[in-house]
Amino acid sequence: MRNAGLPASDVRAGIATELADDVPWNRVLNSICTQPHPLGVEMASAAAHTNLGDVRIFRGTKRIERKVVRLLLDLLGNPGGSGNLVSGGTEANLIAMLVARESARARGRLTDRPEVVVSSTVHFSFTKIFGLLGLTPVVVPVDDALRLPAAEVARRIGEHTVAVVATAGSSEFGVVDAVDEIGPALVGHDVHLHVDAATGGFIIPFARELGRDLPQFDFTVDGVASITIDPHKYGLANVPAGAILFKGAQDAGRFAFDSFFVDTPVHNTLLGTRPGSAAISTYAVLEHLGREGFTAITRTNFEVTEHLVAQLRAAGHELATEPQLNIVVVKMEHATRISQLLESWGWIVSTSKRFGETLRLVVTRHVTTQMIDEFLPVLERARAHVASEVALR
Ligand code: 0PR
(Lines give C-alpha, C1' and ligand atoms only; values in the text may rest on other atoms or scores of the structure.)
Protein backbone atom coordinates (compact mmCIF):
# COMPACT_ATOMS: atom_id res chain seq x y z
CA MET A 1 0.00 0.00 0.00
CA ARG A 2 1.13 3.57 -0.69
CA ASN A 3 2.40 5.64 2.20
CA ALA A 4 0.66 8.84 1.04
CA GLY A 5 -2.66 8.27 -0.73
CA LEU A 6 -3.40 9.49 -4.24
CA PRO A 7 -5.88 12.23 -5.06
CA ALA A 8 -9.31 10.84 -6.04
CA SER A 9 -8.90 12.14 -9.59
CA ASP A 10 -5.71 10.08 -10.07
CA VAL A 11 -7.40 6.98 -8.63
CA ARG A 12 -10.36 7.47 -10.97
CA ALA A 13 -8.10 7.96 -13.97
CA GLY A 14 -6.04 4.85 -13.15
CA ILE A 15 -9.12 2.68 -12.78
CA ALA A 16 -10.74 4.15 -15.90
CA THR A 17 -7.66 3.18 -17.92
CA GLU A 18 -7.93 -0.44 -16.80
CA LEU A 19 -11.72 -0.56 -17.30
CA ALA A 20 -11.29 0.82 -20.82
CA ASP A 21 -9.35 -2.37 -21.64
CA ASP A 22 -12.35 -4.59 -20.72
CA VAL A 23 -14.00 -5.84 -23.88
CA PRO A 24 -17.09 -3.77 -24.78
CA TRP A 25 -20.39 -5.69 -24.74
CA ASN A 26 -20.84 -5.26 -28.49
CA ARG A 27 -17.84 -7.57 -29.01
CA VAL A 28 -18.94 -10.25 -26.49
CA LEU A 29 -20.49 -13.44 -27.85
CA ASN A 30 -19.46 -15.97 -25.19
CA SER A 31 -21.16 -14.69 -22.07
CA ILE A 32 -24.38 -15.75 -20.44
CA CYS A 33 -24.12 -12.58 -18.38
CA THR A 34 -24.95 -9.30 -20.08
CA GLN A 35 -24.83 -5.59 -19.55
CA PRO A 36 -27.08 -5.27 -16.51
CA HIS A 37 -30.26 -3.22 -16.74
CA PRO A 38 -29.49 0.50 -16.06
CA LEU A 39 -32.12 0.75 -13.32
CA GLY A 40 -30.53 -2.26 -11.60
CA VAL A 41 -27.10 -0.62 -11.80
CA GLU A 42 -28.47 2.65 -10.43
CA MET A 43 -30.22 0.94 -7.50
CA ALA A 44 -27.22 -1.33 -6.82
CA SER A 45 -24.95 1.67 -6.51
CA ALA A 46 -27.46 3.34 -4.16
CA ALA A 47 -27.25 0.15 -2.07
CA ALA A 48 -23.49 -0.43 -2.42
CA HIS A 49 -23.07 -0.11 1.36
CA THR A 50 -25.61 -2.79 2.31
CA ASN A 51 -24.73 -6.16 3.82
CA LEU A 52 -27.31 -8.94 4.09
CA GLY A 53 -25.01 -10.64 6.59
CA ASP A 54 -26.36 -8.27 9.25
CA VAL A 55 -30.11 -8.02 8.93
CA ARG A 56 -30.47 -6.15 12.22
CA ILE A 57 -28.91 -3.17 10.48
CA PHE A 58 -30.16 -3.73 6.93
CA ARG A 59 -33.82 -4.37 7.75
CA GLY A 60 -35.21 -2.73 4.63
CA THR A 61 -32.69 -4.52 2.42
CA LYS A 62 -33.69 -7.84 4.00
CA ARG A 63 -37.37 -7.10 3.26
CA ILE A 64 -36.43 -6.54 -0.37
CA GLU A 65 -34.52 -9.83 -0.45
CA ARG A 66 -37.64 -11.62 0.88
CA LYS A 67 -39.77 -9.91 -1.78
CA VAL A 68 -37.39 -11.09 -4.52
CA VAL A 69 -37.56 -14.67 -3.22
CA ARG A 70 -41.40 -14.47 -3.31
CA LEU A 71 -41.36 -13.08 -6.87
CA LEU A 72 -39.05 -15.89 -8.02
CA LEU A 73 -41.09 -18.60 -6.28
CA ASP A 74 -44.17 -17.17 -7.94
CA LEU A 75 -42.45 -17.17 -11.35
CA LEU A 76 -41.58 -20.84 -10.85
CA GLY A 77 -45.06 -21.97 -9.80
CA ASN A 78 -44.52 -22.36 -6.06
CA PRO A 79 -45.78 -19.40 -4.02
CA GLY A 80 -45.73 -21.51 -0.84
CA GLY A 81 -42.07 -22.50 -1.12
CA SER A 82 -38.90 -21.07 0.40
CA GLY A 83 -35.53 -19.81 -0.76
CA ASN A 84 -32.59 -17.47 -0.45
CA LEU A 85 -30.59 -15.13 -2.62
CA VAL A 86 -26.99 -16.21 -3.04
CA SER A 87 -23.89 -15.27 -5.00
CA GLY A 88 -24.73 -17.29 -8.12
CA GLY A 89 -25.31 -20.71 -9.59
CA THR A 90 -22.37 -22.36 -7.85
CA GLU A 91 -23.50 -21.40 -4.34
CA ALA A 92 -27.14 -22.20 -5.16
CA ASN A 93 -26.23 -25.68 -6.43
CA LEU A 94 -24.01 -26.25 -3.40
CA ILE A 95 -26.81 -25.40 -0.97
CA ALA A 96 -29.23 -27.67 -2.88
CA MET A 97 -26.79 -30.59 -2.66
CA LEU A 98 -26.14 -30.03 1.04
CA VAL A 99 -29.87 -29.90 1.78
CA ALA A 100 -30.40 -33.07 -0.28
CA ARG A 101 -27.64 -34.86 1.65
CA GLU A 102 -28.85 -33.65 5.04
CA SER A 103 -32.50 -34.50 4.38
CA ALA A 104 -31.46 -37.99 3.32
CA ARG A 105 -29.58 -38.22 6.62
CA ALA A 106 -32.64 -36.98 8.55
CA ARG A 107 -34.73 -39.71 6.89
CA GLY A 108 -32.15 -42.29 7.98
CA ARG A 109 -31.09 -42.81 4.37
CA LEU A 110 -27.55 -41.49 4.40
CA THR A 111 -24.98 -44.08 3.48
CA ASP A 112 -21.23 -43.72 3.81
CA ARG A 113 -21.08 -43.10 0.06
CA PRO A 114 -23.86 -40.71 -0.94
CA GLU A 115 -24.33 -40.52 -4.71
CA VAL A 116 -25.88 -37.98 -7.05
CA VAL A 117 -27.13 -38.92 -10.51
CA VAL A 118 -26.10 -36.30 -13.09
CA SER A 119 -25.82 -36.03 -16.86
CA SER A 120 -22.50 -35.95 -18.67
CA THR A 121 -23.19 -32.29 -19.53
CA VAL A 122 -23.94 -31.10 -15.99
CA HIS A 123 -22.28 -27.77 -15.17
CA PHE A 124 -18.72 -27.97 -13.78
CA SER A 125 -19.84 -26.21 -10.59
CA PHE A 126 -20.99 -29.68 -9.49
CA THR A 127 -17.43 -30.99 -9.77
CA LYS A 128 -16.42 -28.42 -7.16
CA ILE A 129 -19.47 -29.18 -5.01
CA PHE A 130 -19.12 -32.96 -5.06
CA GLY A 131 -15.51 -32.60 -3.94
CA LEU A 132 -16.46 -30.25 -1.12
CA LEU A 133 -19.43 -32.26 0.12
CA GLY A 134 -18.04 -35.78 -0.33
CA LEU A 135 -20.68 -36.76 -2.90
CA THR A 136 -20.03 -39.26 -5.66
CA PRO A 137 -21.38 -38.47 -9.12
CA VAL A 138 -23.12 -41.21 -11.09
CA VAL A 139 -22.76 -39.90 -14.62
CA VAL A 140 -25.46 -40.78 -17.14
CA PRO A 141 -24.43 -40.22 -20.78
CA VAL A 142 -26.71 -37.78 -22.59
CA ASP A 143 -28.90 -38.93 -25.49
CA ASP A 144 -28.53 -37.80 -29.12
CA ALA A 145 -30.25 -34.50 -28.31
CA LEU A 146 -27.68 -33.98 -25.49
CA ARG A 147 -30.38 -34.49 -22.82
CA LEU A 148 -30.44 -36.56 -19.67
CA PRO A 149 -32.56 -39.61 -20.58
CA ALA A 150 -35.44 -39.94 -18.09
CA ALA A 151 -35.73 -43.76 -18.20
CA GLU A 152 -32.00 -44.17 -17.68
CA VAL A 153 -32.02 -41.83 -14.65
CA ALA A 154 -34.56 -43.98 -12.81
CA ARG A 155 -32.47 -47.08 -13.61
CA ARG A 156 -29.33 -45.54 -12.07
CA ILE A 157 -30.96 -44.83 -8.70
CA GLY A 158 -29.70 -47.13 -6.00
CA GLU A 159 -29.49 -47.36 -2.23
CA HIS A 160 -26.77 -44.68 -2.11
CA THR A 161 -28.58 -42.08 -4.26
CA VAL A 162 -29.53 -38.91 -2.41
CA ALA A 163 -30.22 -36.62 -5.38
CA VAL A 164 -30.69 -36.29 -9.13
CA VAL A 165 -29.67 -33.13 -10.99
CA ALA A 166 -31.47 -32.08 -14.18
CA THR A 167 -30.45 -28.99 -16.14
CA ALA A 168 -32.85 -26.47 -17.63
CA GLY A 169 -30.56 -24.68 -20.03
CA SER A 170 -27.02 -26.05 -20.06
CA SER A 171 -24.35 -23.37 -20.32
CA GLU A 172 -22.54 -25.31 -23.01
CA PHE A 173 -25.44 -25.99 -25.40
CA GLY A 174 -28.55 -24.33 -23.92
CA VAL A 175 -30.13 -27.78 -23.76
CA VAL A 176 -33.20 -28.27 -21.56
CA ASP A 177 -33.51 -31.71 -19.96
CA ALA A 178 -36.99 -33.26 -20.04
CA VAL A 179 -37.68 -32.34 -16.41
CA ASP A 180 -41.37 -33.06 -17.06
CA GLU A 181 -40.44 -36.72 -17.73
CA ILE A 182 -37.64 -37.02 -15.18
CA GLY A 183 -39.79 -35.75 -12.26
CA PRO A 184 -42.63 -38.27 -12.76
CA ALA A 185 -40.09 -41.08 -13.39
CA LEU A 186 -38.65 -40.45 -9.90
CA VAL A 187 -41.93 -40.57 -7.99
CA GLY A 188 -41.69 -43.38 -5.47
CA HIS A 189 -37.88 -43.16 -5.32
CA ASP A 190 -36.86 -41.33 -2.17
CA VAL A 191 -34.48 -38.86 -3.88
CA HIS A 192 -34.17 -35.08 -4.12
CA LEU A 193 -34.66 -33.78 -7.69
CA HIS A 194 -32.72 -30.55 -8.19
CA VAL A 195 -33.12 -28.50 -11.36
CA ASP A 196 -30.19 -26.31 -12.33
CA ALA A 197 -31.98 -23.49 -14.17
CA ALA A 198 -29.16 -20.99 -13.58
CA THR A 199 -29.13 -20.25 -17.30
CA GLY A 200 -32.66 -21.17 -18.45
CA GLY A 201 -34.67 -19.93 -15.47
CA PHE A 202 -35.20 -16.46 -16.90
CA ILE A 203 -35.72 -17.72 -20.48
CA ILE A 204 -37.97 -20.79 -20.43
CA PRO A 205 -41.03 -19.35 -18.60
CA PHE A 206 -41.24 -16.45 -21.09
CA ALA A 207 -40.35 -18.58 -24.12
CA ARG A 208 -43.17 -20.97 -23.21
CA GLU A 209 -45.50 -17.98 -22.98
CA LEU A 210 -44.43 -17.11 -26.54
CA GLY A 211 -45.51 -20.60 -27.58
CA ARG A 212 -42.06 -22.16 -27.92
CA ASP A 213 -41.95 -25.91 -27.48
CA LEU A 214 -39.90 -26.31 -24.29
CA PRO A 215 -40.48 -28.75 -21.44
CA GLN A 216 -41.91 -27.51 -18.16
CA PHE A 217 -39.11 -27.46 -15.60
CA ASP A 218 -40.52 -25.67 -12.56
CA PHE A 219 -42.18 -26.65 -9.26
CA THR A 220 -45.43 -27.56 -11.04
CA VAL A 221 -43.61 -30.72 -12.20
CA ASP A 222 -44.12 -33.60 -9.78
CA GLY A 223 -41.00 -34.38 -7.80
CA VAL A 224 -39.01 -31.14 -8.31
CA ALA A 225 -37.56 -30.34 -4.87
CA SER A 226 -35.26 -27.38 -5.60
CA ILE A 227 -34.33 -24.99 -8.40
CA THR A 228 -31.29 -22.78 -9.05
CA ILE A 229 -32.12 -19.59 -10.96
CA ASP A 230 -29.66 -16.75 -11.56
CA PRO A 231 -30.84 -13.15 -11.84
CA HIS A 232 -27.30 -12.17 -12.91
CA LYS A 233 -27.60 -14.15 -16.15
CA TYR A 234 -30.77 -13.74 -18.25
CA GLY A 235 -32.40 -11.91 -15.29
CA LEU A 236 -30.33 -8.80 -16.23
CA ALA A 237 -29.36 -8.01 -12.63
CA ASN A 238 -25.89 -7.09 -11.40
CA VAL A 239 -23.35 -9.75 -10.48
CA PRO A 240 -23.45 -11.46 -7.92
CA ALA A 241 -27.14 -12.40 -7.91
CA GLY A 242 -28.21 -16.04 -7.71
CA ALA A 243 -31.10 -17.79 -6.01
CA ILE A 244 -31.81 -21.20 -4.51
CA LEU A 245 -35.50 -22.05 -4.20
CA PHE A 246 -37.17 -25.03 -2.55
CA LYS A 247 -40.54 -26.73 -2.89
CA GLY A 248 -41.19 -26.94 0.86
CA ALA A 249 -41.88 -23.90 3.04
CA GLN A 250 -39.24 -25.09 5.55
CA ASP A 251 -36.64 -26.51 3.16
CA ALA A 252 -34.51 -23.38 2.70
CA GLY A 253 -34.07 -23.37 6.49
CA ARG A 254 -32.38 -26.77 6.41
CA PHE A 255 -29.13 -25.05 5.41
CA ALA A 256 -28.83 -23.17 8.70
CA PHE A 257 -25.80 -22.14 10.69
CA ASP A 258 -25.91 -20.23 13.94
CA SER A 259 -23.63 -17.29 14.53
CA PHE A 260 -22.36 -16.76 18.04
CA PHE A 261 -23.89 -13.27 18.30
CA VAL A 262 -26.97 -12.97 20.49
CA ASP A 263 -30.16 -11.87 18.69
CA THR A 264 -28.66 -12.50 15.25
CA PRO A 265 -30.68 -14.81 13.01
CA VAL A 266 -29.07 -17.99 11.67
CA HIS A 267 -27.35 -17.81 8.29
CA ASN A 268 -29.07 -19.76 5.49
CA THR A 269 -26.37 -19.07 2.90
CA LEU A 270 -22.73 -20.00 2.56
CA LEU A 271 -21.47 -16.43 2.44
CA GLY A 272 -21.70 -14.45 5.67
CA THR A 273 -21.12 -10.87 4.66
CA ARG A 274 -22.91 -10.52 1.35
CA PRO A 275 -24.04 -7.70 -0.92
CA GLY A 276 -27.55 -6.36 -0.50
CA SER A 277 -26.91 -4.44 -3.72
CA ALA A 278 -27.45 -7.59 -5.81
CA ALA A 279 -30.84 -8.23 -4.16
CA ILE A 280 -31.82 -4.62 -4.72
CA SER A 281 -30.68 -4.65 -8.34
CA THR A 282 -32.71 -7.82 -8.92
CA TYR A 283 -35.78 -6.34 -7.26
CA ALA A 284 -35.55 -3.16 -9.34
CA VAL A 285 -35.28 -5.10 -12.60
CA LEU A 286 -38.10 -7.55 -11.77
CA GLU A 287 -40.45 -4.78 -10.71
CA HIS A 288 -39.60 -2.55 -13.65
CA LEU A 289 -39.74 -5.12 -16.45
CA GLY A 290 -42.51 -7.37 -15.17
CA ARG A 291 -43.54 -10.45 -17.17
CA GLU A 292 -44.26 -8.34 -20.23
CA GLY A 293 -40.80 -6.79 -20.26
CA PHE A 294 -39.04 -10.14 -19.88
CA THR A 295 -41.26 -11.70 -22.53
CA ALA A 296 -40.43 -8.90 -24.98
CA ILE A 297 -36.68 -9.32 -24.32
CA THR A 298 -37.00 -13.08 -24.72
CA ARG A 299 -38.81 -12.61 -28.05
CA THR A 300 -35.97 -10.40 -29.31
CA ASN A 301 -33.33 -12.86 -28.08
CA PHE A 302 -35.00 -15.64 -30.09
CA GLU A 303 -35.28 -13.42 -33.18
CA VAL A 304 -31.57 -12.63 -32.99
CA THR A 305 -30.76 -16.31 -32.39
CA GLU A 306 -32.80 -17.31 -35.44
CA HIS A 307 -31.07 -14.67 -37.54
CA LEU A 308 -27.68 -15.99 -36.41
CA VAL A 309 -28.65 -19.60 -37.17
CA ALA A 310 -30.03 -18.69 -40.61
CA GLN A 311 -26.89 -16.75 -41.53
CA LEU A 312 -24.60 -19.53 -40.32
CA ARG A 313 -26.54 -22.15 -42.27
CA ALA A 314 -26.57 -19.93 -45.37
CA ALA A 315 -22.75 -19.81 -45.11
CA GLY A 316 -22.70 -23.63 -45.07
CA HIS A 317 -22.09 -24.22 -41.38
CA GLU A 318 -23.49 -27.17 -39.48
CA LEU A 319 -24.77 -26.85 -35.91
CA ALA A 320 -23.79 -29.35 -33.21
CA THR A 321 -27.41 -29.41 -32.04
CA GLU A 322 -30.67 -27.60 -32.81
CA PRO A 323 -30.68 -24.65 -30.36
CA GLN A 324 -33.48 -24.84 -27.79
CA LEU A 325 -32.57 -21.54 -26.13
CA ASN A 326 -30.18 -18.76 -27.18
CA ILE A 327 -26.90 -20.65 -27.37
CA VAL A 328 -25.68 -21.65 -30.82
CA VAL A 329 -22.96 -24.26 -31.15
CA VAL A 330 -21.33 -24.61 -34.57
CA LYS A 331 -19.17 -27.50 -35.67
CA MET A 332 -15.88 -25.96 -36.73
CA GLU A 333 -12.43 -27.34 -37.45
CA HIS A 334 -9.62 -25.44 -35.65
CA ALA A 335 -12.21 -23.68 -33.47
CA THR A 336 -9.69 -22.99 -30.70
CA ARG A 337 -7.24 -21.27 -33.03
CA ILE A 338 -10.09 -19.34 -34.65
CA SER A 339 -11.30 -18.20 -31.22
CA GLN A 340 -7.76 -17.03 -30.30
CA LEU A 341 -7.46 -15.10 -33.52
CA LEU A 342 -10.90 -13.52 -33.06
CA GLU A 343 -9.88 -12.49 -29.55
CA SER A 344 -6.78 -10.78 -30.91
CA TRP A 345 -9.11 -8.93 -33.29
CA GLY A 346 -11.35 -7.86 -30.38
CA TRP A 347 -14.17 -10.45 -30.52
CA ILE A 348 -14.80 -12.93 -27.68
CA VAL A 349 -16.39 -16.30 -28.53
CA SER A 350 -16.03 -19.65 -26.78
CA THR A 351 -15.14 -23.15 -27.85
CA SER A 352 -15.74 -26.59 -26.49
CA LYS A 353 -14.05 -29.83 -27.38
CA ARG A 354 -16.28 -32.27 -25.54
CA PHE A 355 -18.36 -33.15 -28.61
CA GLY A 356 -15.90 -32.50 -31.41
CA GLU A 357 -14.46 -29.08 -32.20
CA THR A 358 -17.14 -26.44 -31.87
CA LEU A 359 -17.56 -22.69 -31.67
CA ARG A 360 -20.15 -21.48 -29.15
CA LEU A 361 -22.05 -18.23 -29.54
CA VAL A 362 -24.38 -16.87 -26.86
CA VAL A 363 -27.22 -14.49 -27.66
CA THR A 364 -28.38 -12.33 -24.80
CA ARG A 365 -29.70 -8.81 -24.37
CA HIS A 366 -26.66 -6.96 -25.69
CA VAL A 367 -26.45 -9.09 -28.85
CA THR A 368 -28.27 -7.50 -31.78
CA THR A 369 -28.77 -8.56 -35.43
CA GLN A 370 -26.50 -5.67 -36.39
CA MET A 371 -23.78 -7.06 -34.14
CA ILE A 372 -24.22 -10.52 -35.72
CA ASP A 373 -23.95 -8.97 -39.19
CA GLU A 374 -20.71 -7.28 -38.17
CA PHE A 375 -19.36 -10.47 -36.63
CA LEU A 376 -20.04 -13.09 -39.31
CA PRO A 377 -17.72 -11.63 -41.99
CA VAL A 378 -14.98 -11.38 -39.33
CA LEU A 379 -15.55 -15.04 -38.45
CA GLU A 380 -15.18 -16.02 -42.13
CA ARG A 381 -11.99 -13.99 -42.36
CA ALA A 382 -10.64 -15.74 -39.25
CA ARG A 383 -11.52 -19.15 -40.72
CA ALA A 384 -9.76 -18.31 -43.99
CA HIS A 385 -6.75 -17.03 -42.09
CA VAL A 386 -6.49 -20.20 -40.00
CA ALA A 387 -7.04 -22.39 -43.09
CA SER A 388 -4.04 -20.73 -44.77
CA GLU A 389 -1.96 -21.13 -41.58
CA VAL A 390 -2.78 -24.85 -41.57
CA ALA A 391 -2.00 -25.19 -45.28
CA LEU A 392 1.45 -23.66 -44.70
CA ARG A 393 2.36 -26.07 -41.91
N1 0PR B 1 -25.19 -23.86 -13.66
C2 0PR B 1 -25.33 -23.49 -14.94
C3 0PR B 1 -26.31 -24.20 -15.82
C4 0PR B 1 -24.56 -22.41 -15.43
O5 0PR B 1 -24.72 -22.02 -16.70
C6 0PR B 1 -23.65 -21.77 -14.56
C7 0PR B 1 -22.74 -20.68 -15.05
C8 0PR B 1 -23.57 -22.21 -13.22
C9 0PR B 1 -24.35 -23.26 -12.81
C10 0PR B 1 -22.64 -21.55 -12.23
O11 0PR B 1 -23.08 -20.27 -11.98
P12 0PR B 1 -22.11 -19.12 -11.37
O13 0PR B 1 -21.03 -18.92 -12.38
O14 0PR B 1 -23.05 -17.96 -11.25
O15 0PR B 1 -21.64 -19.60 -10.07
N16 0PR B 1 -22.64 -20.55 -16.41
C17 0PR B 1 -21.68 -19.74 -17.12
C18 0PR B 1 -20.68 -20.69 -17.75
O19 0PR B 1 -19.99 -21.44 -17.05
C20 0PR B 1 -20.98 -18.73 -16.30
C21 0PR B 1 -20.38 -17.64 -17.12
C22 0PR B 1 -20.99 -16.42 -17.20
C23 0PR B 1 -19.16 -17.81 -17.80
C24 0PR B 1 -20.44 -15.39 -17.91
C25 0PR B 1 -18.58 -16.76 -18.54
C26 0PR B 1 -19.24 -15.54 -18.59
O27 0PR B 1 -18.70 -14.49 -19.29
O28 0PR B 1 -20.64 -20.73 -18.97
Rounded, prolate or oblate: which one fits the chain, using the alpha carbon gyration tensor with axes a ≥ b ≥ c (rounded when a/c is under 1.5, else prolate when a/b beats b/c, else oblate)? oblate
Given backbone amide H placed at 1.01 Å from N, residues whose amide H is under 5 Å from that of residue 350, ignoring those fewer than 5 places away on the same chain, are 360
Rounded to the nearest 5, what % of DSSP beta bridges with both residues in the chain are antiparallel? 50 percent
According to the square roots a ≥ b ≥ c of the eigenvalues of the Cα gyration tensor, what is the shape class of region 1-85, taking rounded for a/c under 1.5, prolate for a/b larger than b/c otherwise, and oblate for the remainder? oblate
Only sites in a loop by DSSP and with at most 15 other Cβ atoms within 10 Å count here; which chymotrypsin sites (Phe, Trp or Tyr not before Pro) in region 293-393 make the cut? 345
Leaving out ligands and nucleic acids, and using a 1.4 Å probe, what accessible area per residue does the chain come to in Å²? 45 Å²
Give me the accessible area of residue 277, 1.4 Å probe, in Å² rounded to the nearest 10. 20 Å²
Which whole-angstrom value gives the distance between the alpha carbon centres of region 1-59 and region 350-366? 28 Å
List the relative contact order of the chain as a percent without decimals, with contacts defined as Cα pairs under 8 Å and 6+ residues apart. 23 percent
Set 62/353; 62/247; 128/233; 247/331, cut-off 32 Å on Cα-Cα distance; pairs above it are 62/353; 247/331
Compute the length gained on full extension between residue 340 and residue 105: take 0.36 nm times their separation in residues and subtract their Cα-Cα distance, giving the result in nm to one decimal. 79.8 nm
Which loop GluC sites (Glu not before Pro) in region 102-187, with loop taken from DSSP, have no more than 15 other Cβ atoms within 10 angstrom of their Cβ? 159
Whole-percent carbon and sulfur share, accessible surface of region 152-311, 1.4 Å: 51 percent
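Loop only per DSSP, at most 16 neighbouring Cβ atoms within 10 Å: give me the trypsin sites (Lys or Arg not before Pro) in region 134-232, ordered by residue number.
212
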Over the heavy atoms of residue 112, what accessible area does a 1.4 Å probe trace out, to the nearest 10 Å²? 150 Å²
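The values are calculated or read from the model by the stated rules, or taken from the named source; none is laboratory data. Predicted model only: the values in this text are computed from it and were never measured. Every residue, glycine as well, gets a Cβ built from its backbone with ideal geometry; the counts of neighbours run over all protein chains shown. Side chains are part of the model used for accessible areas, which takes the heavy atoms of the whole protein and leaves out ligands, DNA and RNA. Shrake-Rupley method; radii C 1.70, N 1.55, O 1.52, S 1.80 Å.
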